Structure formats: structure tokens, C-alpha cells
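First comes the structure, then the notes that go with it.
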Amino acid sequence: MVIRRVEPLAAAKVLALVYVAFGLIMGVIFAVFGSLLGGLMGQSGGRVGLGAGFGVMSIIFMPILYGCVGFVMTLIGDVIYNWAASIAGGIQIQTD
């Protein structure tokens, strides 16, 4: 089996969803650290809302950011792959 062409828009949509999932995971990790940071700042007399707000906003914005960047970069990468595959012949994959 030889992959000679990738449909850029279809692949970009699928990988955008994958990157949204990665962004959600990273957002949760940032939220946990933001909450911990907010707790530490509260003990030292600092602003508690700053760390907690950063954590909550990361759950919203990181999946959106990762998804958009993943979509655009996959789209560009697929166009470049299709150009290279037209010259080199594609990638050969063996399946059982």
C-alpha cells in the first residue's frame, strides 16, 4: 500500500480534534497548577484569584488554541506532503 496523496482538509479536521483533546489535557494540567499556585499565593497574602483564574481560563483557551494551530499546521503539512509525494512517489506502508 502506498500513500500517494492525503486530502488536506479531511486530515486537518481529524487532527484538529486530536489537538483539541491534547489542549484539554494540557488545560487541566495548567488548571491544577493554577489552583496550587492560587493556594500558595493566598497563604503568602497575595491575590488568590490570579492563579485560579489562570487555571480555569486555560481549560477553555488551550483546547481552542491547540485545535486552531493543529488544523492550520496539518493543512500546510498535507499540502507540502502532497507536493513531495508527487515527486518522490509517496510512502509505502505494509499491512498484515
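The values are calculated or read from the model by the stated rules, or taken from the named source; none is laboratory data. Because the structure is a prediction, the values reported are computed rather than measured. Every residue, glycine among them, receives a Cβ derived from its backbone with ideal geometry; neighbour counts consider all protein chains shown.
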* Asked: Does segment 56-70 include one or more residues that are closer than 22 Å to Phe22 by Cβ and more than 14 Å from the chain's Cα centre (by Cα)?
  -> yes
* Candidates Ile59, Ile91, Ile87, Ile80, filtered to the one that is β-branched (Val, Ile, Thr), farther than 14 Å from Phe30 by Cα and surrounded by 12 or more Cβ atoms within 10 Å (Cβ to Cβ) -> Ile91
* Structure fact -> Every listed condition ((1) surrounded by 14 or more Cβ atoms within 10 Å (Cβ to Cβ); (2) at pLDDT 85 or above) holds for Met41 save (2)
